[in-house]
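Chemist: This is the structure, below, for whatever I ask next.
The values are calculated or read from the model by the stated rules, or taken from the named source; none is laboratory data. Predicted, not measured: the structure shown is a model, and the values here were computed from it. Every residue, glycine among them, receives a Cβ derived from its backbone with ideal geometry; neighbour counts consider all protein chains shown.
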Amino acid sequence: MAVSRKKRFADNSYYRGAFTWMGVGIEFCLVVGVFALIGYFLDKWEGTSPGWMVIGFFVGFGVMLYTIIRRARKTQDEMDADDEKAGRDDEV
């Protein structure tokens, strides 16, 4: 049976999850930007083309991709544990 929209959004866990992942998105942009900025300054220091900046971008992207995957797995494990706990409480 479908849950009404009002009841679905009344639960605080919906907003908590949304704000958590919005924060991760902002963090993603900041980390990639910082790594690219470091690469930019390395390019200026060595007098090279955008090589270090591109490398910095991809390193930052890779670091944040790893971080997001790790956080998603942790969140999924927490949700599974909550579901198992709720299932045991319903049986008793």
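Chemist: Looking at this structure, is Ile68 in a helix (DSSP H, G or I), touching a residue at least 12 places away in the same chain (Cβ under 8 Å) and over 21 Å from Gly17 (Cβ atoms)? Working first, answer last.
Modeler: Numbers: in a helix (DSSP H, G or I): yes; touching a residue at least 12 places away in the same chain (Cβ under 8 Å): yes; over 21 Å from Gly17 (Cβ atoms): no.
Considered against the rule, which asks whether it is in a helix (DSSP H, G or I), touching a residue at least 12 places away in the same chain (Cβ under 8 Å) and over 21 Å from Gly17 (Cβ atoms), Ile68 comes out as no.
Chemist: In region 66-92, what residues are aliphatic (A, V, I, L, M) and surrounded by 12 or more Cβ atoms within 10 Å (Cβ to Cβ)? Show your work before the answer.
Modeler: Taking region 66-92 first, the residues aliphatic (A, V, I, L, M) are 68-69, 72, 79, 81, 86, 92.
Those that are aliphatic (A, V, I, L, M) and surrounded by 12 or more Cβ atoms within 10 Å (Cβ to Cβ): Ile68, Ala72, Met79.
Chemist: Which one of Thr67, Thr48 is among the β-branched types (Val, Ile, Thr) and more than 26 Å from Gly25 (Cβ to Cβ)? It would help to see each step written out before you state the result.
Modeler: Working: Thr67 fails: more than 26 Å from Gly25 (Cβ to Cβ).
Of the residues listed, the single one that is among the β-branched types (Val, Ile, Thr) and more than 26 Å from Gly25 (Cβ to Cβ) is Thr48.
Chemist: Being surrounded by fewer than 13 Cβ atoms within 10 Å (Cβ to Cβ), assigned to a helix (DSSP H, G or I) and either out of contact with any strand residue (DSSP E or B) (no Cβ under 6 Å at 6 or more places or on another chain) or modelled with pLDDT under 95 (or both): is that true of Gly62 here?
Modeler: Numbers: surrounded by fewer than 13 Cβ atoms within 10 Å (Cβ to Cβ): yes; assigned to a helix (DSSP H, G or I): yes; either out of contact with any strand residue (DSSP E or B) (no Cβ under 6 Å at 6 or more places or on another chain) or modelled with pLDDT under 95 (or both): yes.
It is true that Gly62 is surrounded by fewer than 13 Cβ atoms within 10 Å (Cβ to Cβ), assigned to a helix (DSSP H, G or I) and either out of contact with any strand residue (DSSP E or B) (no Cβ under 6 Å at 6 or more places or on another chain) or modelled with pLDDT under 95 (or both).
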